[in-house]
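Quick one: structure below, then a few questions.
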Amino acid sequence: MSPVWIVRTGRLVLTPVGGADLADLRIFKSDPSVFAVMLGGVRNAAQTADDLARDVTNWGQYGFGIWAVRENGRFVGITGLEHRPDGRGVALRFAVTHEAQGRGLAREAAHAALRFGHDQAGLPLIVAVARASNFGSRMVLGGIGMREVEMFEQRGHMMILYESCQTIRGTVCRS
């Protein structure tokens, strides 16, 4: 694992997910109070293992991926960047455990992942998608400077597409 992929914030340490995280990820991704609103929804043990294998591969292939987020050594969630399956681009993802919610940890982790994407991975455009009804995620995305650019329907839910764009190598950002 490249040390450049480890990110530290004021309270958190973000490390690329790996085999040692599987037990925490299985508990986390099976919790409907956290994962029901995530892309793909609540995950079973086999799905979580498949997700982890893909996440590890993404780090090697793209130089970005999903991090395990820890506070004082304790797993509190995930954040990271991955290609959206709908082709909308590289997306910021984040979620924290129920116990970690309400303390600004999601915002801190998501902001760190966003900065990494632009500054280290060289991604000029990063998107994020949140359900219109998910005010917590929408507050995080707005709070880290992402802008609402589009609404669309997905599986019966109204979704909001956010973006963060840095003009790098002639990239054109939406107004």
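So if I place +1 on the C-beta of Lys and Arg and -1 on the C-beta of Asp and Glu, and nothing else carries charge, what would the dipole magnitude of the chain be about its Cα centre? I want it in debye, nearest 20.
My answer is approximately 240 debye.
In whole Å, what is the distance between the alpha-carbon centres of the stretch 56-130 and the stretch 1-54?
If we compute the Cα centre of each part, the gap is 10 Å.
At what distance in nm do the modelled label points of Gln47 and Met151 sit from each other, each positioned 7 Å from its Cα along Cα→Cβ?
2.8 nm
Further question on the same structure: Can you give me the distance in nm between label points at Arg74 and Arg54, each placed 7 Å from the Cα along the Cα-to-Cβ direction?
3.1 nm
Here is a follow-up. Please work out how much length the chain gains when fully extended from Ile6 to Arg88, using 0.36 nm per residue of separation minus the C-alpha to C-alpha distance, in nm with one decimal.
Taking Ile6 through Arg88 to full extension adds about 26.9 nm, to one decimal.
Each label point is 7 Å from the Cα along the Cα-to-Cβ direction; what then is the distance between the points at His98 and Arg115, in nm?
Going by the 7 Å Cα→Cβ label model, 3.2 nm.
Readers should treat all values here as calculations from the given coordinates under stated rules, not as data from a laboratory. Quick caveat, the model's predicted, so the values are computed rather than measured. Note that each Cβ is placed from the backbone with ideal geometry, even for glycine, and that neighbours are counted across all protein chains shown.
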